[in-house]
Ligand SMILES: Cc1cc2nc3c(=O)[nH]c(=O)nc-3n(C[C@H](O)[C@H](O)[C@H](O)COP(=O)(O)O)c2cc1C
């Protein structure tokens, strides 16, 4: 249902965001000549240099937000999957991010699914991936992070090692091993990713297993690190309810909403081309309405103290504002960076600030305002 304030939000005086700069449009043509995984490796390699070039922040007290007791300079975060192995914690402030997630890290190092497994849907500004949680493994990443600088608050995203033999009790132990390996690092929060669609088992549907993971993490969490749960936009209403119930039982402080979707609705890319790409999680703008639905649904189910971090198709300041109004205290993005370039967070923050100015709000007072 469209409310009066939604109409106002869509209104003509909605401040426009600065377009993608010409230099990135030119660079993108070259980057898109590369296989997407190769292009990503280049992005990781050149990120510290790019961060030095950009090196700007948008600082304004109206952008400040609080996430489970964690004070953030702004509500824009880097989603999990971009810096899987924790190479970029020292430079991420240079892109304007307020926080970031490293990972998903897994108990064991694995190579992930067979290639090709990452595809661009350029006409949709979207991506399909079935990487399958490839990464260096928790021990190596924790050693790397122990020697790294954290330029912004960093959360660690933990998933189960994607090997068919690791299930049931072994899956619980695997996730607890990852938690133990990072729990004493100067990290700000931990996300438990139980919603990756690219694993042998798919998203976690077993309440009992989730309870065991949450119970184990709680008993190891002597520092009281905020624990967040990352859920899937493909969850059934029953799964969503039971996941939030488990989260409440074990003191989970909030939800990352959410992961990629296996749905393919609403794409402009030719269906034959999409079929050719095969299985995997879809991300970017076609995911946005599903992610917003997830935020709305969990906003109703969660307790008042629990927070939401919105994620899925966020690519403008207006998108960030929409998620915030629906109940997110912060938002994260990944796919939009591929299409919008490394200075996208700065452009988004300026647009978000203009929207807050228009409505005489700050981020904290805008959280959940669509529900009031
Ligand atoms: C290539 C790729 C790899 C990803 N890897 C992970 C991951 O390891 N762990 C995780 O929790 N989410 C992962 N994600 C999901 C993102 O964190 C995010 O939830 C999703 O992409 C939706 O946000 P977006 O539309 O801004 O990309 C990955 C996404 C992409 C595109």
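The values are calculated or read from the model by the stated rules, or taken from the named source; none is laboratory data. From a predicted model like this one, the values you see are computed outputs, not experimental measurements. Backbone-built Cβ (ideal geometry, glycine too); neighbour counts: all protein chains shown.
Brief remarks on what is shown
- Test: residue in segment 53-60 that is at pLDDT 95 or above and either under 22 Å from residue 226 (Cβ atoms) or surrounded by fewer than 20 Cβ atoms within 10 Å (Cβ to Cβ) (or both): yes
- Which listed residue, of 336, 320, is closer than 14 Å to residue 96 by Cβ, surrounded by 24 or more Cβ atoms within 10 Å (Cβ to Cβ) and within 18 Å of the chain's Cα centre (by Cα): 320
- Listed by first and then second residue, the pairs with beta-carbon distance under 8 Å, at least 6 apart or on different chains, first residue in segment 85-104 and closer than 13 Å to residue 333 by Cβ and at pLDDT 95 or above, second more than 15 Å from the ligand (Cβ to nearest atom) and part of a strand (DSSP E or B), are 98/65; 98/72; 99/67; 99/70; 99/72.
- Selection from segment 175-207 of residues that are at pLDDT below 95, more than 19 Å from the chain's Cα centre (by Cα) and more than 16 Å from residue 252 (Cα to Cα): 200, 201, 205, 206
- Residue match in segment 268-285 (condition: at positive phi, touching a helix residue (DSSP H, G or I) at 6+ places or on another chain (Cβ under 7 Å) and within 11 Å of the ligand (Cβ to nearest atom)): yes
- The single condition among (1) within 15 Å of the ligand (Cβ to nearest atom); (2) outside any helix (DSSP H, G or I); (3) more than 14 Å from the chain's Cα centre (by Cα) that residue 305 does not meet is (1).
- Residues in segment 67-88 that are assigned to a loop (DSSP other than H, G, I, E, B) and within 10 Å of the chain's Cα centre (by Cα) were compared, and the one that is farthest from the ligand (Cβ to nearest atom) is 82.
- For segment 313-358, a residue qualifies if it is closer than 25 Å to residue 255 by Cβ and assigned to a loop (DSSP other than H, G, I, E, B), and the qualifying residues are 313, 314, 315, 316, 326, 327, 328, 329, 334.
- When segment 160-178 is filtered for residues that are touching a strand residue (DSSP E or B) at 6+ places or on another chain (Cβ under 7 Å) and surrounded by 23 or more Cβ atoms within 10 Å (Cβ to Cβ), the ones remaining, listed by number, are 161, 162, 175, 178.
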